[in-house]
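I have placed the structure first, in the form of structure tokens, so that the comments after it can refer back to it.
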Amino acid sequence: MTRVDFYLTQSKQLNTACKLAAKASHQGHHVFIHADDEAQAQQLDKLLWTFNQTSFIPHSLATAGTDIKACDKVIIGHDHDPEFKHDVMINLASTIPEFFSRFERVAEIVSGDEEQRQQARQRFKFYRDRGYQLNTHELKG
């Protein structure tokens, strides 16, 4: 059954997503980052190349006509189920995608924004009411 981790942070949501994606991919996981919309996916695409001054995270942006390879460790998408098997999903959307349960782990990132926290509470309740294993992590910095 899918394990769901909520990461509470005062940092920007996208920066935290980059850090989690880097850590997971370096540990050998395949990561799908589910963005809220195309604009956020594009922003994250740029950020993954530049957020760390000493390295970058190789990734692909899943858009219409994009040639995505099964070996890509990190894929960003926003409007569809990824076609390849990934074991970790980082959900940046305000809602839970229908395909979340095919991942071993789901990471929900919650920033200090009150609207985001309220939406996260609804997602937490959804997962809890369906019996998913939940963990909460408070991130510093």
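Here, each number is a calculation from the coordinates, and none is a lab measurement. In this text, all values refer to a predicted model and were calculated from it rather than measured experimentally. Here Cβ is always computed from backbone atoms with ideal geometry, including for glycine, and neighbour counts include all displayed protein chains.
For the reader, a short list of remarks on this structure follows.
- Amide H to amide H, with H built 1.01 Å from N, Phe6 comes under 5 Å of Glu108, Asn135, Thr136, His137, counting only residues 5 or more places away or on other chains.
- The phi torsions of segment 40-45, fed into the Karplus equation with coefficients 6.51, -1.76 and 1.60 and a -60° offset, translate into couplings of 5, 4, 5, 4, 5, 3 Hz, rounded to whole numbers, with Gly and Pro shown as x.
- Each part gets one Cα centre, and for segment 107-135 versus segment 8-38 those centres are 16 Å apart.
- For Val74, residues with placed amide H under 5 Å, excluding near neighbours: Val31, Ser60
- Summed over all non-identical Cα pairs, the Kirkwood treatment of segment 1-107 gives a radius of 13.7 Å.
- Amide H contacts of Asp87: His30, each under 5 Å away and 5 or more positions distant or on a separate chain (H built 1.01 Å from N in the peptide plane; Pro and chain starts excluded).
- Counted residue by residue at 0.36 nm each, then reduced by the alpha carbon distance between them, the extension gain from Asp45 to Met1 reaches 12.9 nm.
- Computed from the C-beta positions of Ser55 and Ser11 and an R0 of 25 Å, the FRET efficiency is 0.85 to the nearest 0.05.
- With the helix formula -39500 (n - 2.57) applied to DSSP H stretches of n ≥ 4, the chain reaches a computed 222 nm mean residue ellipticity of -10000 deg cm²/dmol.
- Counted residue by residue at 0.36 nm each, then reduced by the alpha carbon distance between them, the extension gain from Gln119 to Asp36 reaches 28.6 nm.
- Descending by average beta-carbon neighbour count within 10 Å, the peptides 132-138, 46-52, 29-35 line up as 29-35, 46-52, 132-138, the highest first.
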